[in-house]
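Structure first, then comments.
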């Protein structure tokens, strides 16, 4: 069940934006893990030699790592929105 919000949610509200960014990040993690495990499973199941698999998953993982840095360290929002 989603958390209750005491006021009208808006992306201008720093607390709501932080929560929304974390939910979006969790969705990106879930999509990456689902796709990576599925591709790896079929790669092993068919005994295929897909040379593109590791570079694709590596680049995607690198992008996800940058997203992690942004969400948790760089994308700090001001506590009071500017007018």
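The values are calculated or read from the model by the stated rules, or taken from the named source; none is laboratory data. Quantities reported herein were computed from a predicted structural model and do not represent experimental measurements. Please note: Cβ atoms are built from the backbone with ideal geometry, for glycine as well, and neighbour counts cover all protein chains shown.
For the reader, a short list of remarks on this structure follows.
Yes/no matrix, rows are residues, columns are (1) touching a helix residue (DSSP H, G or I) at 6+ places or on another chain (Cβ under 9 Å); (2) within 21 Å of residue 68 (Cα to Cα); (3) at pLDDT below 90; (4) in a helix (DSSP H, G or I):
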{"site": "17", "(1), (2), (3), (4)": "no, yes, yes, yes"}
{"site": "22", "(1), (2), (3), (4)": "yes, yes, yes, yes"}
{"site": "27", "(1), (2), (3), (4)": "no, yes, no, yes"}
{"site": "30", "(1), (2), (3), (4)": "no, yes, no, yes"}
{"site": "36", "(1), (2), (3), (4)": "yes, yes, no, yes"}
{"site": "42", "(1), (2), (3), (4)": "no, no, no, yes"}
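- Scan of the range 26-80 for residues that are in contact (Cβ under 8 Å) with a residue 40 or more places away in the chain and surrounded by 10 or more Cβ atoms within 10 Å (Cβ to Cβ), ordered by number: 67, 68, 71, 75, 77
- Residue match in the range 50-58 (condition: at pLDDT below 95, assigned to a loop (DSSP other than H, G, I, E, B) and touching a helix residue (DSSP H, G or I) at 6+ places or on another chain (Cβ under 7 Å)): yes
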